[in-house]
Amino acid sequence: MLLFMLDSLRLTIADLSALGFFLVAWIVHSMAVRGRWIRRVSLTTAMNVQREAWMRTMAQRDLRMIDTSIMVGLQQGTAFFASSSLIAVGGCFALLGASDHVLTVLGDLPLSGPPSRPLFEIKVLGLITILVFAFFKFGWSYRLFNYCSILIGAVPMLREGLHSPEMEAAVHRATRMNVLAGRHFNAGLQAIFFSLGYLGWFVNPSVFVATTIILLAVLVRRQFFSAARMAVLETAQAGPGNGEAILPESQ
């Protein structure tokens, strides 16, 4: 039955292998960025430590308008990507409505094989799934940043230069919420990036593998070998944020 379905969709072994490679690359990259399976500190992990340093600095301020302004900026960026994901989903449905024209264009490409409408529709549905996943990640991240703003407001004021147990607990809660919001935002952003690599499948499986490798190389460089990563680590040698997370959850 399964073989019959695959044959009717013209899903070849090459298609399945390329899709499997794409999914494995996505999962491995996500785990590596979070500090799993690799010991080198990623840009995301280093920034998670800076989030904690920010919350501790915030707790020492009497007026926290700076912190609320930063949170507004984070929420606006998250809302932008969430709305962009929805627009992209709408574009994919429009693509399904123009399947005949798109198949004609794909058929004229030098590397493209014989166009198959059922296979094309499956590919578009896969792209929609990725974009919907990104939207849910951005939407939840927006909500978590909102919760983080509330937790920042709940941090007690610093009294006589002493950190009370209540303040430490409040800072810890705000830090965890901030890190979780950033994690979901990064997951949504990764989905957007990998959706670009997914477009190679519309040409053929070989191009799909090539675009996935190129995309993965770019993302790995940015997370583990970029100037941005070095900037975070170099400016934090004397204090929190040197890449060694204080909170295990931030890994």
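The values are calculated or read from the model by the stated rules, or taken from the named source; none is laboratory data. Computed from a predicted structure; not experimentally measured. Neighbour counts run over all protein chains shown; Cβ positions are idealised from the backbone, glycine included.
Is it fair to say residue 142 is within 30 Å of residue 232 (Cβ to Cβ) and in contact with a Phe, Trp or Tyr (Cβ under 9 Å, 6 or more places away or on another chain)?
yes
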- What number of residues in region 122-179 are within 18 Å of residue 51 (Cα to Cα), hydrophobic (A, V, I, L, M, F, W, C) and crowded, with 16+ Cβ neighbours inside 10 Å? 12
- Query: Looking at 49, 72, which one is of a type in the set (Val, Ile, Thr), out of contact with any Phe, Trp or Tyr (no Cβ under 8 Å at 6 or more places or on another chain) and either buried (at least 16 other Cβ atoms within 10 Å of the Cβ) or at positive phi (or both)?
  - Reply: 49
- Among the numbered criteria (1) in a helix (DSSP H, G or I); (2) surrounded by fewer than 13 Cβ atoms within 10 Å (Cβ to Cβ); (3) aromatic (Phe, Trp, Tyr), which single criterion is violated by residue 37? (1)
- Item | Verdict on residue 45 being touching a Gly at 6+ places or on another chain (Cβ under 6 Å) and among the hydroxyl-bearing types (Ser, Thr, Tyr) | yes
- Please name all residue pairs, on different chains or six or more residues apart, with Cβ atoms under 7 Å, provided the first residue is in region 4-29 and is within 13 Å of residue 123 (Cα to Cα) and the second residue is at pLDDT below 80. 10/116
- Query: Of everything in region 136-175 that's touching a helix residue (DSSP H, G or I) at 6+ places or on another chain (Cβ under 7 Å), among the hydrophobic types (A, V, I, L, M, F, W, C) and outside any helix (DSSP H, G or I), which residue is modelled with the lowest pLDDT?
  - Reply: 158
- Can you name every residue in region 176-216 that is among the hydrophobic types (A, V, I, L, M, F, W, C) and assigned to a loop (DSSP other than H, G, I, E, B)? 203
- Name the residues in region 93-104 that are outside any loop (DSSP other than H, G, I, E, B) and within 12 Å of residue 120 (Cβ to Cβ), would you? 95, 96, 99, 100, 101, 102, 103, 104
- Members of region 43-68 found to be of a type in the set (S, T, N, Q) and modelled with pLDDT of 90 or more, listed by number: 44, 45, 48, 50
- Query: Is region 90-101 home to any residue that is among the acidic types (Asp, Glu), more than 19 Å from residue 188 (Cα to Cα) and surrounded by 15 or more Cβ atoms within 10 Å (Cβ to Cβ)?
  - Reply: no
